[in-house]
1. If you plug each phi of region 148-154 into the Karplus form 6.51 cos²θ - 1.76 cosθ + 1.60 with θ = phi - 60°, what whole-Hz ³J(HN,Hα) values come out, in order, with x for Gly and Pro?
2. When ligands, DNA and RNA are left out and all protein chains stay put, how many square angstrom of accessible area per residue does the chain have with a 1.4 Å probe?
3. Based on the Kirkwood radius over alpha-carbon pairs, what is the Stokes-Einstein translational diffusion coefficient of region 31-131 at 4 °C with 1.567 mPa s viscosity, in µm²/s?
4. Could you state the number of Å between the C-alpha centres of region 238-316 and region 124-189?
5. Highest first, please rank the peptides 139-146, 54-61, 92-99 by the mean number of other Cβ atoms sitting within 10 Å of their residues.
6. With every protein chain left in place, what is the accessible area of Glu252 in Å² (1.4 Å probe, nearest 10)?
7. Which entry in (i) 37, 24, 18; (ii) 26, 23, 20; (iii) 42, 24, 16 matches semi-axes √(5λ) of the Cα gyration tensor in Å derived from the coordinates of this structure?
8. Once ligands and nucleic acids are excluded and a 1.4 Å probe is used, how much of Trp296 is accessible, expressed in Å² to the nearest 10?
Amino acid sequence: MVDAHLDLAWNARALGRDLTLPLEALRAQDPHPETPLVTLPSLQEAGVALAFATLFVDPQGVPPGEYEDEAWAQLALYEAWEGRGLVRILRERDDLKAHLERFPEDGVLGLVLLMEGAHPLPTPGALRAWRRRGLRLLSLTWATKNAYAGGNAEPGPLTEAGRALLGEMAALGVALDLSHLAEEAAWEALEAYGGPVAATHANCRALVPSERHFSDDLLRALAGREGVLGLVPFNAFLDSSWRRGMPRLPLEAFLRHRAHAEAVMGPGRVGLGTDWDGGFGLEAVPLGLDRHRDLWLLGDEGFLGGNWLGWLLSWF
């Protein structure tokens, strides 16, 4: 299984959760109102071979002067887990190939580092230091407008700094995650950037009319660039009428998004990007999906991991 979006370090640092615990143990002690969905043991239990692990600094919750320090602290946490043998950070193609050979024997989770929002980058040139430490994917913004692009909550175009950053990404082998971009900026980024593209966590705007999700035209463009879409099993992203505190939606609500995305993009271009470890908990995901091992109920090898692995192997 491949999960293309997990905010593991943010979850541990912002919410104070010890993700090295078994999921039941964390649930028993966690003080937050929303029940945790993810720990490292629960991912191993589910046979998750690889996750895109984020470096996420919430621009609405962290002072601008602390963006860089927080992102480096999150990377340090991933590296500490790696030092304990809990994960493997996949920095280069050889790391990925070796991990795929070793995983069936040892079950250690592989991490591909994704910076969700370029807010920690004061200049495009700052990307080089992150690439040296293993960063392989980057989205230009998270919801809000920043120096690089407009976001889904604050629309705007791609900026000149954004174009320069895309140039650095292409030169360094860092893929573009279109998630959270304003649609105007997403189209401009697709035109300006010739490297690998994906959307690690977004759903279908045709079913949930929100700027946070992708129009059919943008889904087709992503497929035309041989990209993959990671669908999010989060009730608010599945049905626009759902609100927190309402009963959990049936699994069919998620399967509708999968069917629509596959009809538009083709079945080889859709996978998982659960985002199951940050701003929502068990109460906000469809019935029957209580932890990662339940995702096997969806039953399609390509959707559950093969599509993302094929995308990674095409450029990593």
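1. Once θ is set to phi - 60°, the couplings for region 148-154 become 9, 5, x, x, 5, 8, 9 Hz.
2. Accessible area per residue: 37 Å².
3. Value of D from the Cα-based Kirkwood radius: 86 µm²/s.
4. First find each Cα centre; the distance between them is then 24 Å.
5. 139-146, 54-61, 92-99
6. Taking all protein chains as shown, Glu252 has close to 90 Å².
7. Of the listed options (i) 37, 24, 18; (ii) 26, 23, 20; (iii) 42, 24, 16, (ii) comes from this structure.
8. Counting only protein heavy atoms, Trp296 exposes about 120 Å² to solvent.
The values are calculated or read from the model by the stated rules, or taken from the named source; none is laboratory data. Everything numeric here is computed off the predicted structure, so don't read it as measured data. Using ideal geometry, Cβ is built from the backbone for each residue, glycine included, and neighbour counts are taken over all protein chains shown. These area figures cover heavy atoms from the full protein model, side chains too; ligands, DNA and RNA do not enter into them. Shrake-Rupley method; radii C 1.70, N 1.55, O 1.52, S 1.80 Å.
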